[in-house]
Amino acid sequence: MGEIKSTLDLVMERTRHLSMSAEEKAHQHEEDFSRRLQGLLQQFADGALSVERLQTRISELQTELAVTGRQPVLRAIFGRIDPDGDNQAWLDLLAQLAPALCPSMEAILGDHRQEQATLKQECETAQRDRLARDHGIRGSAVVPNPLLDATYREHLAGLQARTRQRIDTISA
């Protein structure tokens, strides 16, 4: 009677002649590095890894997967920077890995905050003027909410997109 083969045995028989090219292997290593790097960066964001320990783990990961260069690491860090969020931990990490890029990043984030504050102030003024003109409501008790204004949200989204583009140009 014939031998019963497992599914794995059948797959291995049919694919034994297939192999990955060097380019495919390198691409696979880069993808694996990117996934594992995101895990390390999340541990750093959660406070489980110090800057020094993170650098060590990234070096070990690069050695293990034969990935060279700092560009993939910088792109991953830049991808985690939120123009509206607290980025001090990422700026501290960037200061260790690429100190020359810190002033540019800080300038971009500072410009974003300044433009956002100006945009918010303009929207609040417009809302106060509209309430006074249309409804006769004025005074110090009037507290406008710019987030309810669709135009403000559109301008804010545009500002975030422009800031993200500026950040991406640094990482390129």
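The values are calculated or read from the model by the stated rules, or taken from the named source; none is laboratory data. Everything quoted here is computed from the prediction, not taken from an experiment. Note: ideal-geometry Cβ built from the backbone for every residue, glycine included; neighbour counts use all protein chains shown. To get the accessible areas, we keep the full protein, side chains included, count just its heavy atoms, and leave off ligands, DNA and RNA. Shrake-Rupley method; radii C 1.70, N 1.55, O 1.52, S 1.80 Å.
Compared with the dominant Cα axis of the chain, that is its longest principal axis, helix 71-80 is turned about 40°. Taking the 1.4 Å solvent-accessible surface of region 32-172 as the whole, the part contributed by carbon and sulfur is 50%.
Our analysis of the chain gives Rg over Rh at 1.24, with the two radii drawn from alpha carbon positions and Rh computed by the Kirkwood formula.
Between Val51 and Gln71, the distance separating the two model label sites (each 7 Å from Cα on the Cα→Cβ line) works out to 2.5 nm. Across every direction, the projection of the convex hull enclosing the Cα atoms of region 79-120 has a mean area of 2.9 nm².
What the Kirkwood sum gives for region 99-171 is a hydrodynamic radius of 14.0 Å, with every pair of different alpha carbons counted. Can you give me the angle between helix 51-65 and the longest principal axis of the chain, using Cα atoms only, in degrees from 0 to 90, rounded to the nearest 10? Approximately 40 degrees, to the nearest 10.
For the pair Gln160 and Gln28 in one chain, pulling the backbone fully straight at 0.36 nm per residue adds 44.3 nm over the alpha carbon distance. Per residue, the chain exposes an accessible area of 67 Å² to a 1.4 Å probe, with every protein chain left in place. 3J(HN,Hα) couplings calculated from phi for region 154-171 with the Karplus curve 6.51 cos²θ - 1.76 cosθ + 1.60 (θ = phi - 60°) are, in sequence order, 5, 5, 5, 5, x, 4, 5, 5, 5, 5, 4, 5, 5, 5, 5, 5, 5, 6 Hz; Gly and Pro show x.
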